[in-house]
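The values are calculated or read from the model by the stated rules, or taken from the named source; none is laboratory data. Source: prediction; values computed, not measured. All Cβ positions, even for glycine, are placed from backbone atoms using ideal geometry, and neighbour counts span all protein chains on display. The accessibility values were calculated without ligands, DNA or RNA, using every heavy atom of the protein model including side chains. Shrake-Rupley method; radii C 1.70, N 1.55, O 1.52, S 1.80 Å.
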Amino acid sequence: MAEKREFRAIKGTRDILPPDSALWNWFEAAARETFEGYGFRDIRTPIFEETSLFARSIGVETDVVSKEMYTFSDPFTSEDLLWQSVEQALSSETRTGESEAEWLARIRTEFESRPKGEVLTLRPEATASVCRAYIEHGMHTLAGNQKLYYMGPMFRRERPQKGRYRQFYQIGAEVLGQSDAPGIDAEVIEMLLEFFRRVRLKKIRLQVNSIGCKECRPGYVELLRGELQKVRDRLGADSQRRIETNPLRVLDSKVPEEQEIIEKLPRISDHLCDDCRKHFEALKVEMKLRGIEWEENWRLVRGLDYYTRTTFEVTAAGLGSQNAVCGGGRYDGLVEMLGGPPTKGIGFAIGSDRAILSVQESGDLPDLPGLAVYVAWMGEKAYLPAIQITRKLRTAGLAVELPPDEMKFKKSLGLADKLGAKYALILGEDEVATGIFTLKRLRDAEQKKMNENDLLEYLESERRGTGA
Ligand code: HAM
């Protein structure tokens with residue numbers, strides 16, 4: 001007998017079921033609408049990429065790359081391998097001084113030493129993929145800045161807790177092009193806040209920092225490392241390790257005993273080069289012009305290596321320790337590091353799981369459209385008219401439920417109520433004979449009698465929100 005076992009979603013992953021999925025759809029639709037209003041367009045990149053794309057852009061010393069990636073090897077098929085050998089054989093240099101046997105032996109050795117597969121990773125974030133696509137498709141030749149947005153699942157092997165998952169969802173936006181005008185940074189932030197306003201996120205806190213560029217940051221990092229060495233014994237194991245690997249990350253530490261020490265460390269704002277300082281000052285002016293409220297946080301360094309200059313994070317209500325609903329910043333030079341032309345870039349990613357959780361916890365939920373009409377039919381003669389009116393109502397854009405089996409009116413009206421329908425359309429043999437429908441509003445049991453035309457008109461205006 002087959003083994004009986006209950007399958008469950010993998011730890012750190014979850015199912016998003018109705019009615020929550022409707023809230024997710026509303027949230028994502030609001031993002032599309034907001035971002036498109038700012039001239040951004042959708043980009044869809046694959047869920048997995050070459051591992052080295054992430055390692056090079058995010059940085060091998062980061063937690064994401066060193067501990068959290070879902071990496072697997074994808075073996076080539078024997079057909080892939082055969083074609084590779086044929087191509088190699090055809091393109092290899094002429095076999096001067098080599099016998100045929102020697103030549104074949106050499107080809108065989110080369111063949112055997114060739115990798116037998118690729119190492120791939122489920123994307124932990126999408127900025128690297130967007131930059132890869134930008135280079136691969138020569139998007140720098142297109143007019144203006146490329147303003148792109150995306151939404152979808154990301155994967156990190158983190159310790160699951162409230163608001164932290166191994167498969168989580170991000171909505172992100174990136175601007176790639178030749179300009180690093182601070183107005184771009186400010187507009188990206190404005191768009192983000194406008195989206196959060198539309199989805200009713202509460203207690204939004206925006207923190208902004210500048211972490212310098214490749215001219216000024218190395219000097220600051222060395223200074224920081226030197227200062228950290230002096231207080232090494234008073235730091236925890238993680239921070240001690242980071243003195244060597246990435247001293248900036250020590251500033252991120254949440255360990256209570258380290259806070260007093262960190263507050264006394266040198267601040268990057270005192271060590272920015274002239275260009276970075278001017279950029280940051282201009283960004284503050286640009287944010288002011290847009291009425292954006294922010295707090296400067298010199299300790300906001302972010303956990304990914306590609307950032308330069310502007311970094312920012314947004315926190316929201318109701319989330320406990322995992323309260324960052326968005327992180328972003330500038331990454332000038334990343335495209336070039338991945339083999340593309342010199343390019344400036346800035347963007348952010350919103351953690352949808354957390355942002356939606358925050359909206360849910362606040363209780364200020366939108367009125368999402370549910371089932372509009374339940375067609376309560378009874379009697380053999382009512383079935384065909386029920387099918388026909390259902391089709392017409394659906395064509396008019398209404399959500400309609402047509403029960404497949406005949407039921408007594410009492411039972412079907414009870415079910416209509418449980419399904420949360422707004423109206424029940426009563427269709428018995430009398431209604432069929434007279435051509436007059438009975439529409440019952442379930443909220444207050446008010447009944448209206450009307451012919452098909454009036455019914456369609458009434459329900460359509462209801463749907464548009466212009467009706468009674
Ligand atoms: P990130 O800060 O690693 O940045 O992630 C952005 C947001 O994704 C976080 O603020 C959080 O809301 C959410 N998030 C991250 N990990 C998890 C998780 N395990 N479970 C639930 N939510 C999570 C980036 O990913 C950058 N690519 C953002 C960016 C775009 N920078 C420039 N362009």
### Query
Looking only at the stretch 20-51, which residues are closer than 18 Å to residue 120 by Cβ, open to solvent by 20 Å² or more (accessible area, probe 1.4 Å) and of a type in the set (Asp, Glu)?
50
## Note on the structure
For residue 467, the lone unmet condition from (1) crowded, with 19+ Cβ neighbours inside 10 Å; (2) modelled with pLDDT under 95 is (1)
### Wholly within the stretch 200-311, helices (runs of 4 or more DSSP H) carrying at least 3 residues that are in contact with a strand residue (DSSP E or B) (Cβ under 7 Å, 6 or more places away or on another chain)
274-289
### Which listed residue, of 86, 64, is open to solvent by 50 Å² or more (accessible area, probe 1.4 Å) and either among the hydrophobic types (A, V, I, L, M, F, W, C) or under 27 Å from residue 302 (Cα atoms) (or both)
86
### Residue selected from the stretch 1-40 under the condition basic (Lys, Arg) and away from the ligand (no atom under 16 Å from the Cβ), by the criterion nearest to the chain's Cα centre (by Cα)
32
### Message
Kindly evaluate residue 43 against the criterion of being out of contact with any His (no Cβ under 8 Å at 6 or more places or on another chain) and either free of Cβ contacts under 8 Å to residues at least 40 places away in the same chain or more than 16 Å from the ligand (Cβ to nearest atom) (or both).
### Response
no
### Task
Could you name every one of the helices (runs of 4 or more DSSP H) located completely within the stretch 320-416 that has at least 3 residues being open to solvent by 40 Å² or more (accessible area, probe 1.4 Å) and over 30 Å from residue 164 (Cα atoms)?
380-395
### Task
Evaluate the following for residue 118: is it touching a residue at least 60 places away in the same chain (Cβ under 8 Å), open to solvent by 40 Å² or more (accessible area, probe 1.4 Å) and among the acidic types (Asp, Glu)?
yes
#### Entry: Residue, nearest to the ligand (Cβ to nearest atom), within the stretch 168-178, restricted to residues that are open to solvent by less than 50 Å² (accessible area, probe 1.4 Å) and of a type outside the set (Val, Ile, Thr)
168
### Task
Out of 310, 245, report the one residue that is away from the ligand (no atom under 15 Å from the Cβ), of a type in the set (Ser, Thr, Tyr) and within 22 Å of residue 125 (Cβ to Cβ).
245
### Summary
Within the stretch 89-115, restricting to residues that are within 29 Å of residue 51 (Cα to Cα) and open to solvent by 70 Å² or more (accessible area, probe 1.4 Å), the one that is modelled with the lowest pLDDT is 91
### Query
Which of the residues spanning the stretch 133-161 are in contact with a strand residue (DSSP E or B) (Cβ under 7 Å, 6 or more places away or on another chain) and among the hydrophobic types (A, V, I, L, M, F, W, C)?
139, 148, 151, 154, 155
### Query
What are the pairs, 6+ residues apart or on separate chains, where a residue within the stretch 181-195 that is under 11 Å from residue 284 (Cβ atoms) has its Cβ under 7 Å from a residue that is small (Gly, Ala, Ser)?
182/282
#### Entry: Residues being assigned to a loop (DSSP other than H, G, I, E, B) and closer than 30 Å to residue 118 by Cα - total across the stretch 9-51
11
### Task
For residues that are out of contact with any strand residue (DSSP E or B) (no Cβ under 7 Å at 6 or more places or on another chain) and within 13 Å of the ligand (Cβ to nearest atom), tally how many sit in the stretch 357-390.
1
## Note on the structure
Note: among 54, 72, just one is open to solvent by 70 Å² or more (accessible area, probe 1.4 Å) and modelled with pLDDT of 95 or more, namely 72
### Query
Are any residues in the stretch 331-356 closer than 21 Å to residue 303 by Cβ, touching a Gly at 6+ places or on another chain (Cβ under 7 Å) and either among the hydroxyl-bearing types (Ser, Thr, Tyr) or more than 8 Å from the ligand (Cβ to nearest atom) (or both), and if so, which ones?
331, 332, 334, 335
### Query
Being among the hydroxyl-bearing types (Ser, Thr, Tyr) and more than 9 Å from the ligand (Cβ to nearest atom), is that true of even one residue in the stretch 317-325?
yes
### Query
What is the residue count in the stretch 123-167 for residues that are more than 10 Å from the ligand (Cβ to nearest atom), assigned to a strand (DSSP E or B) and open to solvent by 40 Å² or more (accessible area, probe 1.4 Å)?
2
